[in-house]
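Peer 1: My questions will all concern the structure given below.
The values are calculated or read from the model by the stated rules, or taken from the named source; none is laboratory data. For clarity, every value in this text was computed on a predicted model and none was experimentally measured. Heads up, the Cβs are rebuilt from the backbone with ideal geometry, glycines too, and the neighbour counts pull from every protein chain shown. The accessibility values were calculated without ligands, DNA or RNA, using every heavy atom of the protein model including side chains. Shrake-Rupley method; radii C 1.70, N 1.55, O 1.52, S 1.80 Å.
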Amino acid sequence: MAVMLISLGVQAQQSALLEACNAIDDKEKRLACLKELTNLNATRANDATSIKRVKAGFSAIAGAVNSGLSYENYKSMILEPARELGIFRQENPNTKTAALALLEKSVAAYNDAERLWRAYIYKSQDGGILFGRILNYQLLGLTDIINTYNLPTTVVLFNPHVQISTALPIIWQYAENSAKEAFDIIEGKEKIKSIPETYNGPVAQIAQVRDSTPEEILVENLAREMQCNTHPVAAKTAAKDDYTEYSVYCSKGHSQLFHCNNGSCKPLKK
């Protein structure tokens, strides 16, 4: 109903402006008025398209993280809202500063989630069967993320630890709320409430964030034997009907691939 009223209001304004232009007796002034009206309508159409496009960029990533996706897909997707925000800034230089600041917070949050997720995959420690992966955020320089989003932490085997499956949804919800509030400002909607410092809603489903499977444990043990990494983390890179492949980041800066079939795994030569 609100959208319809706004639309009717714009149409009424355009009709009034058109009538005013046509009422001008001087031919040149009348044509100049009509030209300005045409330019105004074109500008409004361009602004609407620009807002629609940048909203789509932020909505896509918000929908994807709530549905579940792999780290590699996520790493690619977070480039989209940042790119659309840059284009939107150029096309709409008069956008309210508060709205742009909120969109920047949203982009930063999606990037912070990528930093945390990447650290979990490549640099978390092996706590064994009882404790799973241990993400020592202090050792890895991630304390700023913990503080920014007030993430819950604990201590595991004397290591400060953040649970990735709990942390990521909190950051993602912060990013989504920031974007929603920004678009409310841009579209002139009433601000209902500010962004919460913490999120207490349902936990989103995260694909490939879990304790190691038996096959991953086998790959990680092989990586240790090869002296690839003292705390290896197996990341699945391919899965077919009869085999799977994993990548392990080695401490010397390269990645080692592994091929698994029927419960047996072996390293692949480069």
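Peer 1: Return the residues of region 130-153 that are at pLDDT below 85 and more than 18 Å from H231 (Cβ to Cβ); say none if nothing qualifies.
Peer 2: The one that is at pLDDT below 85 and more than 18 Å from H231 (Cβ to Cβ): T153.
Peer 1: Another question, then. In region 197-208, is there at least one residue being outside any loop (DSSP other than H, G, I, E, B) and modelled with pLDDT of 50 or more?
Peer 2: no
Peer 1: Please go through (1) modelled with pLDDT under 85; (2) out of contact with any Cys (no Cβ under 7 Å at 6 or more places or on another chain) for P169 and return the number of the only condition it doesn't satisfy.
Peer 2: (1)
Peer 1: Quickly run through region 218-235 and pick out the residues that are of a type outside the set (A, V, I, L, M, F, W, C), in contact with a helix residue (DSSP H, G or I) (Cβ under 8 Å, 6 or more places away or on another chain) and either closer than 14 Å to E72 by Cα or touching a residue at least 40 places away in the same chain (Cβ under 8 Å) (or both).
Peer 2: Those that are of a type outside the set (A, V, I, L, M, F, W, C), in contact with a helix residue (DSSP H, G or I) (Cβ under 8 Å, 6 or more places away or on another chain) and either closer than 14 Å to E72 by Cα or touching a residue at least 40 places away in the same chain (Cβ under 8 Å) (or both): H231, P232.
Peer 1: How about region 244-262: which of its residues are open to solvent by 60 Å² or more (accessible area, probe 1.4 Å) and of a type outside the set (A, V, I, L, M)?
Peer 2: Y249, S251, K252, H254, N262
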